[in-house]
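Written below as structure tokens is the structure these notes are about.
The values are calculated or read from the model by the stated rules, or taken from the named source; none is laboratory data. This one's a predicted model, so the numbers in the text were calculated from it and none came from an experiment. Backbone-built Cβ (ideal geometry, glycine too); neighbour counts: all protein chains shown.
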Amino acid sequence: MCRFAVAALAGIAALPCFAQNPPPEIVTDRPDVTESGVVVPLGSLQFENGFAWTRDHGRDTLDLSETLIRLGLWRRTEIRFVTPNYISATDGRPDPSGFDDVGVSVKHQLGPLPGRFDLAVIVGASLPTGAHDVSTHAFDPFLKFGWSRDLADGWSLGGMQSLFYATEDGRRNPTWEPTFYLEREITKRPDAFVEYAGDYPRTGGARQLLHCGAAYRPTPRHQVDFHFGFGLSHAAPNRFFAAGYSFRIDGLFGAGRQPRQ
């Protein structure tokens, strides 16, 4: 009887079982302008939220909630929704206010590539759903290529090349947006970055920014951030300050369970 019990227990132990893998640490597309070179895990739903106060040539505005929703549909592909952001003047001026347009896009991760590079492409468009004085009243497509590379001693660098077919006053004004950042992991949970970002429209002056900030992850699925910046060119905003909170929900539609050998 004892021999049979031992054999049965050994057979059960030899069967493959399923266990939840430790979740990967949250990677967001904020607070820097540059989008990350990776997607959210398969079956994960990630919410990235924040607010921003901007001083732009004497005008003060508040934007919130700056929410980006990311859903991992395949191992290297996610679908993304930018919810309507509310824009409000805070200086008493009769500036346009209200909800702006919704954005929908798909992000596909092409890396990791040789040389420890991560690369992702984002294709999407904004939809004319916003308030009359805020919306562009057109479908505005965009294309982004974001990349990153880990360096030694907690350093990393990355950048993005983007093209926006924005509508201004009823006319297309294509805009090229290059970005570049340098990031340092301070300890395992916090990191800080400095970034250059510029908008170069076909008509109108270039908007160039110097951008700095930090993020802190109290748990693998949660992140808080703050960042600030100021303009480097006349057409850019004078300065801005922003903060945000992001979190991720894992294991949707049964994803995330792997056989343990």
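Among the candidates Asp118, Asp153, Asp133, which residue alone is crowded, with 20+ Cβ neighbours inside 10 Å and either modelled with pLDDT under 95 or in contact with a His (Cβ under 6 Å, 6 or more places away or on another chain) (or both)?
Asp118
Considering each residue of the range 44-61, count those that are over 19 Å from Asn85 (Cβ atoms), at pLDDT 95 or above and surrounded by fewer than 20 Cβ atoms within 10 Å (Cβ to Cβ), and give that number.
So the count comes out to 1.
Name the one entry in Pro31, Pro96 that is outside any strand (DSSP E or B), under 10 Å from the mean Cα position of the chain (by Cα), within 24 Å of Gly231 (Cβ to Cβ) and not hydrophobic (A, V, I, L, M, F, W, C).
Step by step, each of Pro31, Pro96 is checked, and only Pro31 is outside any strand (DSSP E or B), under 10 Å from the mean Cα position of the chain (by Cα), within 24 Å of Gly231 (Cβ to Cβ) and not hydrophobic (A, V, I, L, M, F, W, C).
Out of all the residues in the range 111-136, which are under 17 Å from Ser162 (Cβ atoms), aliphatic (A, V, I, L, M) and touching a residue at least 40 places away in the same chain (Cβ under 8 Å)?
Taking the range 111-136 and keeping what is under 17 Å from Ser162 (Cβ atoms), we get 118-126, 136.
Of the ones still in play, those that are also aliphatic (A, V, I, L, M) are 119-123, 125.
Leu119, Ala120, Ile122, listed by residue number.
Report whether or not Thr77 is among the hydroxyl-bearing types (Ser, Thr, Tyr) and either under 16 Å from Ser36 (Cα atoms) or in contact with a His (Cβ under 6 Å, 6 or more places away or on another chain) (or both). Explain how you work it out, then say what you get.
Details: among the hydroxyl-bearing types (Ser, Thr, Tyr): yes; either under 16 Å from Ser36 (Cα atoms) or in contact with a His (Cβ under 6 Å, 6 or more places away or on another chain) (or both): yes.
Spelling it out, Thr77 is indeed among the hydroxyl-bearing types (Ser, Thr, Tyr) and either under 16 Å from Ser36 (Cα atoms) or in contact with a His (Cβ under 6 Å, 6 or more places away or on another chain) (or both).
Return the pair list, or none, for Cβ contacts closer than 6 Å from residues in the range 158-170 that are over 13 Å from Val123 (Cα atoms) and of a type in the set (Val, Ile, Thr) to residues that are modelled with pLDDT of 95 or more and not in a loop (DSSP other than H, G, I, E, B), at least 6 apart or on different chains.
Within 6 Å, the pairs are Thr167/Asp140.
Between Leu71, Leu64, which is modelled with pLDDT under 95, in a strand (DSSP E or B) and on the phi < 0 side of the Ramachandran plot?
Working: Leu71 fails: modelled with pLDDT under 95.
That would be Leu64, the only listed residue that is modelled with pLDDT under 95, in a strand (DSSP E or B) and on the phi < 0 side of the Ramachandran plot.
Among the listed residues Gly43, Gly37, Gly50, which satisfies the condition of being under 18 Å from Phe142 (Cα atoms), of a type in the set (Gly, Ala, Ser) and touching a residue at least 12 places away in the same chain (Cβ under 8 Å)?
On inspection, the qualifying residue turns out to be Gly37.
Tell me the strands (runs of 3 or more DSSP E) entirely within the range 169-246 that contain at least 1 residues that are of a type in the set (Gly, Ala, Ser), within 29 Å of Glu25 (Cα to Cα) and in contact with a Leu (Cβ under 8 Å, 6 or more places away or on another chain). Steps first, answer last, please.
Working: elements: 171-185, 190-201, 207-219, 222-231.
Passing ranges, in order: 190-201, 222-231.
From Arg221, Arg189, Arg202, grab the single residue that is charged (D, E, K, R), over 19 Å from Tyr245 (Cβ atoms) and either modelled with pLDDT of 95 or more or surrounded by fewer than 15 Cβ atoms within 10 Å (Cβ to Cβ) (or both).
Values: Arg221 fails: over 19 Å from Tyr245 (Cβ atoms); Arg189 fails: over 19 Å from Tyr245 (Cβ atoms).
Just a single option satisfies the conditions, and that option is Arg202.
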